[in-house]
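Just below is one structure, and these are the notes that go with it.
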Amino acid sequence: MAILAGGLVLGVGAAITLAAWTDREFASGTFGSGAFSLVGSPDGTAFSEHPTAPGAALTFAVGADRLTPNATVYHLFSLKLGTGSNYGADLTLTSSGTGTIAPNVSYGIVDVGAGTSCDASAFAAGTSVVPNSTPATLTTPDEIGTLASLSEQRNYCIAVTASSALGQSQTGSITWEFLGTSAAPIS
């Protein structure tokens, strides 16, 4: 019995020794989502979000509300990444027209670079933007308190031309959508 009791005590001591030799390592990470937004401006200086149609009101040149056949009117629209964006943006352009005038007008869009002029000469000097294509990638967000030159701004000149078949008293609108899809992270 004494031998059995001694073996029991020895076995308990061995179990306690084994329990004393454990160790642990932990690893954890903290996660969150990034921010991404586009802002637009009909004058190239005052930017805000216009996330739903019809969006920013573009006030085309005098006569846009009373076009004649073959007349062309122009307007600037500028885009950049919103403050706090962590990702670049690949832009895609689409458009839709409504009303009786829509089938009788056409439009073109050119990238005018850093320029904020939008008239016949700026349009002729710009780089054509093809609808349903990716006209640009934005990679530098607008940051409050930094120099404006650090923000990347894309300036577009939109030209709307009435066809020779334009009838009298036709009305309608065109909505342009610049869709931003998040691109590479901004470092």
Within the range 21-41, the count of residues that are of a type outside the set (Gly, Ala, Ser) and in contact with a Leu (Cβ under 9 Å, 6 or more places away or on another chain) comes to 3
All conditions in (1) under 18 Å from residue 179 (Cβ atoms); (2) at pLDDT below 85; (3) surrounded by fewer than 16 Cβ atoms within 10 Å (Cβ to Cβ) are true of residue 96 except (2)
Next on the checklist: Taking the criterion of being within 23 Å of the chain's Cα centre (by Cα) and open to solvent by 70 Å² or more (accessible area, probe 1.4 Å), would at least one residue in the range 69-81 satisfy it?
Outcome noted: no
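Take the range 43-91 and flag every residue that is closer than 24 Å to residue 187 by Cβ and either among the charged types (D, E, K, R) or not in a loop (DSSP other than H, G, I, E, B) (or both). Even if it seems obvious, please write down each step before you answer.
Applying the first criterion (closer than 24 Å to residue 187 by Cβ) to the range 43-91 yields 47, 79-91.
79, 80, 81, 87, 88, 89, 90, 91, listed by residue number.
The values are calculated or read from the model by the stated rules, or taken from the named source; none is laboratory data. Bear in mind the structure is a predicted one, so any value in this text is a computation, not a measurement. In this analysis, Cβ positions are derived from the backbone assuming ideal geometry, glycine residues included, and neighbour counts consider all displayed protein chains. Quick note on the areas: whole protein, heavy atoms, side chains included, nothing else; ligands and nucleic acids left out. Shrake-Rupley method; radii C 1.70, N 1.55, O 1.52, S 1.80 Å.
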